[in-house]
Amino acid sequence: MTTADLATRVSEGDRRAIARAISTVENDSQNAGALLHRLVKKMGNAYRIGITGPPGAGKSTLTSELTKLIRSLGKTVAIIAVDPTSPFTGGALLGDRIRMQDVSMDEGVYVRSMATRGSLGGLSAKAKDAADILDAAGFDIVIFETVGVGQSELDIAKAADTTIVVLVPESGDAVQAMKSGLMEIADFFVVNKSDREGAEQAVRALKTILTMRVTHAADEWIPPVIQTTASKNVGIEKVWETVQKHREYLDSTGQFLVRRKSRERERVRELVEAILHFDFWTPERTKTLETELDRIISRERTSFDLAQELVGKLKPG
Ligand SMILES: Nc1nc2c(ncn2[C@@H]2O[C@H](COP(=O)(O)OP(=O)(O)OP(=O)(O)O)[C@@H](O)[C@H]2O)c(=O)[nH]1
Ligand SMILES: [Mg+2]
């Protein structure tokens, strides 16, 4: 199939074409750029939701329940589940498949898992490309589910229009969230597993932390905190309502465009770095680096000199 044919089929919502297109961006094939280029006019309509939080917080359960709710409103949903290959969450992929089973039989739902595969920055770029493809394929909502550990996962969650951070009542979770950078990216919080003890306390603790951060800017959005019991389908409507409220806030304040712009700015910078890096380390430069190391060790030159020489800012010698 040519790239043009593939693009046409993706824009018609053909599931096999979508799968193939995502594999194309995943495997960094030379056709990825051309494919995205052909689809660009079809992009921009999907609303993107990021769902992140600590391992086992109930992100997949929540995603699945939220998806059912969105489907009942007649909208289509694509889910990108990013599975880190950490030894602790190694079973996540299979678990997600099972939990997502009831929604993935639905024609209006598309579920795709993407694995970390070592190169973290790379995965974040690919997950965003996959979202663009699903957007072009006509899905109304694209949900990223990522574990909130590591910069790359946070980057993916941040690439959403609305980012939801899922926590559990166990004490210390709010503090943990602050440390891991989850606090900064949340548009709202969900305290899931509210059937467990300490849920109210956890909500209070979170709200206290959030109050301390209030800046009193004119159109400030203060992240709401919502309680859910995703496994019993409790509180899911409130989650959807809050997504809508946040969306209206973004629209009415002009933040929607600001946010999408900042997202694309980050993305172009990321890509430029990747391209420069790739183009820069030619076999010749790699060899120069290796051969000059001895001279650095024997203090005939500095690493600074060598770096300058490699980028062409200093004459060799
Ligand atoms: N008690 C209780 N258990 C829940 C709730 N929501 C989810 N669970 C259970 O918590 C476990 C983890 O749920 P997942 O939805 O897989 O959590 P996750 O955050 O996607 O996990 P990873 O993707 O592995 O990080 C499962 O056994 C769920 O059935 C809840 O509201 N209450
Ligand atoms: Mg999960």
>> Could you tell me which residue out of Leu210, Leu182, Val168 lies farthest along the dipole of region 168-214 toward its positive end? Charges go on the beta carbon: Lys and Arg +1, Asp and Glu -1, centred on the Cα centre.
In response: Leu210
>> Please list, ordered by chain and number, the residues whose modelled amide H lies under 5 Å from the amide H of Ala78; skip anything fewer than 5 residues away on the same chain.
In response: Tyr110, Ile141, Val142, Ile143
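With a cut-off of at most 11 other beta carbons within 10 Å, and DSSP calling the residue loop, which GluC sites (Glu not before Pro) in region 1-66 qualify? Please list them.
Glu12
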>> Using alpha carbons only, how many angstrom separate the centre of region 173-251 from the centre of region 129-167?
In response: 17 Å
> Pick from Val147, Val25, Val190: which residue has the top mean-square fluctuation in a GNM of the chain where Cα pairs under 10 Å get a spring?
Replying inline: Val25
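Enumerate the helices in the chain for which the Kyte-Doolittle hydropathy averages -0.5 or more and the C-alpha atoms extend at least 15 Å along the helix's axis, using complete DSSP H runs. Walk me through the intermediate numbers first.
Numbers: long enough: 15-26 (16 Å, 0.01); 59-72 (20 Å, -0.31); 92-104 (17 Å, -0.05); 120-136 (24 Å, 0.29); 199-212 (20 Å, 0.49); 236-253 (26 Å, -1.15); 255-280 (37 Å, -0.66); 283-297 (22 Å, -0.93).
In the chain, the long hydrophobic H runs are 15-26, 59-72, 92-104, 120-136, 199-212.
Please give the charge dipole size of region 179-317, origin at the Cα centre, charges +1 on K and R Cβ atoms and -1 on D and E Cβ atoms. Round to the nearest 20 debye.
Using only the charged Cβ atoms, the result is roughly 180 debye.
How charged is the neighbourhood of Ile51? Take every other residue with its Cβ under 9 Å from the Cβ of Ile51, and add Lys/Arg as +1 and Asp/Glu as -1.
On the way: positive: Lys59; negative: Glu145.
So the surrounding residues net to 0.
Across every pair of different alpha-carbon atoms, what Kirkwood hydrodynamic radius in Å does the chain reach?
Values: mean 1/r = 0.0468 Å⁻¹.
Computed over the chain, the radius equals 21.4 Å.
If you take the square roots of the eigenvalues of the alpha-carbon gyration tensor of region 1-40 and sort them as a ≥ b ≥ c, do you get rounded (a/c under 1.5), prolate (a/b over b/c) or oblate?
Values: a/c = 1.79, a/b = 1.27, b/c = 1.42.
The shape class here is oblate.
Can you tell me the length gained on complete extension of the stretch Lys68 to Ser113, counting 0.36 nm per residue apart and subtracting the Cα distance?
Values: separation 45, 0.36 × 45 = 16.20 nm, distance 1.85 nm.
Length gained, Lys68 through Ser113: 14.4 nm.
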>> A 29 angstrom limit on the alpha carbon distance is what I want to check against. Which of Lys41/Lys126; Lys75/Lys261; Lys207/Lys245; Lys41/Lys75; Lys42/Lys238; Lys75/Lys207 exceed it?
In response: Lys42/Lys238; Lys75/Lys207
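Cβ neighbours within 10 Å, averaged per peptide: list 174-182, 275-283 in order, most packed at the top. The partial results should precede the final answer.
Numbers: 174-182: 17.4, 275-283: 9.7.
Result, highest mean first: 174-182, 275-283.
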>> Taking 8 Å as the Cα distance limit and 6 or more residues as the minimum spacing, I'd like the relative contact order of the chain as a percentage.
In response: 18 percent
> Can you list residues whose amide H is under 5 Å from Asp161's amide H, if they're 5+ apart or on another chain and H is modeled 1.01 Å from N?
Replying inline: Arg48, Ile49, Gly50
> How many percent of DSSP beta bridges within region 43-273 run antiparallel, rounded to 5?
Replying inline: 5 percent
>> Explain nothing, just the number: dipole magnitude of the chain about its Cα centre with +1 on each Lys and Arg Cβ and -1 on each Asp and Glu Cβ, in debye rounded to the nearest 20.
In response: 220 debye
> Cα centroids of region 287-303 and region 27-86: how far apart, whole angstrom?
Replying inline: 47 Å
> What residue among Thr291, Thr61, Thr253 has the largest mean-square fluctuation in a Gaussian network model of the chain, using Cα springs under 10 Å?
Replying inline: Thr291
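Values quoted throughout were computed directly from the atomic coordinates according to the rules given, and no laboratory measurement underlies them. Predicted model only: the values in this text are computed from it and were never measured. Backbone-built Cβ (ideal geometry, glycine too); neighbour counts: all protein chains shown.
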